[in-house]
Structure formats: structure tokens, C-alpha cells
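Let me begin by presenting the structure, written as C-alpha cells, before commenting on it.
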């Protein structure tokens with residue numbers, strides 16, 4: 001069983017729509033949750049971090065965390081073609097401080 | 001803030017040679033850095049955790065004698081791929097824990113091609 005699972009892709013949305021990316025994790029001791037964006041051939045860049053249950057908004061991005069359901073999501077409003085990338089959900093916590101466990105990634109394509 | 005650099009950005013070498021990759025935190029001190037490897041169309045695979053002034057902790061299946069890691073200062077970690085072979089060709093990415101947080105900031109990566 002994978003420790004961090006993301007919804008299978010690829011995900012394709014029209015420009016201006018809301019893209020919804022989902023992630024579940026198995027370790028209840030997890031304390032920190034991150035979303036990274038990775039363009040093809042590039043390294044990951046941090047989009048959002050979230051530590052508490054509820055929503056966290058940053059511009060067009062909203063991260064949602066539900067620790068009881070072991071679920072974290074990322075919403076991208078007003079999607080743009082430049083948002084087309086692979087989105088990585090990452091989870092940290094437990095005994096290894098700062099060590100991340102990544103999901104397999106979801107490929108998002110925003111078409112004009 | 002929280003900028004991490006890597007050098008070189010790409011390298012081509014002959015089979016059997018060694019290659020050193022540098023990872024630097026430019027505007028913060030990083031007691032912990034991580035080294036990842038990523039093959040095409042796959043997610044990142046953690047190779048090792050590098051702590052300043054101590055030996056690196058390698059993930060299961062990663063050969064510590066082949067992938068030498070040194071973290072001699074709070075801003076620099078190096079990964080040396082010894083006796084490289086074509087199967088070592090990959091995208092190597094480092095990250096650094098940013099200051100007092102548990103957020104990892106990634107370097108731009110180094111693309112290694114072994115002929």
C-alpha cells in the first residue's frame with residue numbers, strides 16, 4: 001500500500017475552470033503537508049504548505065486538510081495554461097523530521 | 001528567500017568516471033539537506049539525508065559507497081557518483097530544510113548522462 005496516493009491523472013481542465021487535486025496519506029502521525037509543482041524537466045517548486053485542519057488560501061490556490069480523513073487537496077481557481085504541470089503532494093512528520101514522502105504526482109493540463 | 005543552487009546543471013561523463021554535484025543554500029543555513037533521484041515519468045526517489053557534520057543516512061537500496069555524500073558546512077552538501085555507469089543517468093535534485101521550518105526547498109537539479 002502506497003503511503004501517499006494522489007488521484008490518478010492526467011487531469012485536463014479548460015482555461016478559467018477550477019482544477020481539483022486530491023491526496024490521501026496513510027501515516028496518522030503526519031504533521032506537515034505540502035503541494036509542489038513540477039514543470040517537465042525542472043525541479044519541484046513549493047506552492048503551498050498546510051499544517052492545520054481547514055482551508056488555506058494563497059492567491060488562486062487553496063489547500064484543504066482533513067486529518068481525520070487523512071486527506072489533503074489543492075484547488076486551483078481560474079486555471080491558466082501556465083498551470084499545466086505535474087503536482088506533487090508531499091507529507092512529513094513522525095520520527096524523521098523534515099523527511100518528505102511524495103505521492104506519484106498528478107499531471108494537470110489546462111487547455112485554452 | 002530560501003534559494004538553493006546546484007552545480008553543474010548538467011554533466012556528461014564517460015562510464016567509469018566520477019562526478020561531483022554541489023548543492024548550496026544561498027540565503028539560509030541548512031543543517032539538513034536531502035538528495036533525490038528522478039527517472040523520466042517517475043516521482044522523486046529519496047536517496048539520502050545529509051546532516052551537517054555527520055554521516056549521511058541512506059535509504060534502503062542506495063549504495064553508500066557509490067553515492068558519496070559530504071555535508072561539511074551549513075550551506076554546502078556534495079554528492080559524488082563514483083564509477084558512474086549508464087544506469088546512473090538520471091536527474092539528481094537536492095533540497096534543503098529552510099531555517100526553523102520543516103519546508104524543503106529544492107535546487108534546480110543536475111541532469112547526469114553517462115555514456
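Of note:
- Qualifying residue in segment B:25-41 (condition: under 15 Å from the mean Cα position of the chain (by Cα) and away from chain A (no Cβ under 13 Å)): yes
- Of all residues making up segment A:55-65, the number that are surrounded by fewer than 15 Cβ atoms within 10 Å (Cβ to Cβ), away from chain B (no Cβ under 14 Å) and assigned to a strand (DSSP E or B): 2
- Residue A:17 fulfils the conditions (1) farther than 24 Å from residue B:48 by Cα; (2) surrounded by fewer than 21 Cβ atoms within 10 Å (Cβ to Cβ); (3) touching a strand residue (DSSP E or B) at 6+ places or on another chain (Cβ under 7 Å) except for a single criterion, (3).
- Hits in segment A:34-68 - residues which are touching a residue at least 40 places away in the same chain (Cβ under 8 Å) and farther than 17 Å from residue B:102 by Cα: A:37, A:38, A:39, A:40
- Within segment A:94-103, the only residue that satisfies the criterion of being more than 8 Å from chain B (Cβ to nearest Cβ), surrounded by 13 or more Cβ atoms within 10 Å (Cβ to Cβ) and more than 13 Å from the chain's Cα centre (by Cα) is A:94.
- Filter result (modelled with pLDDT of 95 or more and part of a loop (DSSP other than H, G, I, E, B)) within segment A:71-104: A:77, A:78, A:79, A:80, A:84
Residue-wise test of (1) in contact with a helix residue (DSSP H, G or I) (Cβ under 7 Å, 6 or more places away or on another chain); (2) within 14 Å of chain B (Cβ to nearest Cβ); (3) closer than 21 Å to residue B:46 by Cα.
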| residue | (1), (2), (3) |
| --- | --- |
| A:4 | no, yes, yes |
| A:7 | no, no, no |
| A:11 | no, no, no |
| A:29 | no, yes, yes |
| A:38 | no, yes, yes |
| A:53 | no, no, no |
| A:67 | no, no, no |
| A:76 | yes, no, no |
| A:105 | no, yes, yes |
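- Qualifying residue in segment B:6-13 (condition: in contact (Cβ under 8 Å) with a residue 60 or more places away in the chain and over 16 Å from the mean Cα position of the chain (by Cα)): yes
- Number of the condition not met by residue A:25 [criteria: (1) out of contact with any helix residue (DSSP H, G or I) (no Cβ under 9 Å at 6 or more places or on another chain); (2) away from every other protein chain (no Cβ under 14 Å); (3) exposed (fewer than 14 other Cβ atoms within 10 Å of the Cβ)]: (3)
- In the set A:3, A:57, only one residue is over 23 Å from residue B:6 (Cβ atoms), more than 10 Å from the chain's Cα centre (by Cα) and at pLDDT 95 or above; that residue is A:57.
- Only a single item in (1) in contact (Cβ under 8 Å) with a residue 24 or more places away in the chain; (2) under 20 Å from residue B:14 (Cβ atoms) is not met by residue B:106, and it is number (2).
The values are calculated or read from the model by the stated rules, or taken from the named source; none is laboratory data. Here the structure is a predicted model, which is why all the values come from computation and not from measurement. So basically every Cβ, Gly included, is an ideal-geometry build from the backbone, and we count neighbours across all protein chains shown.
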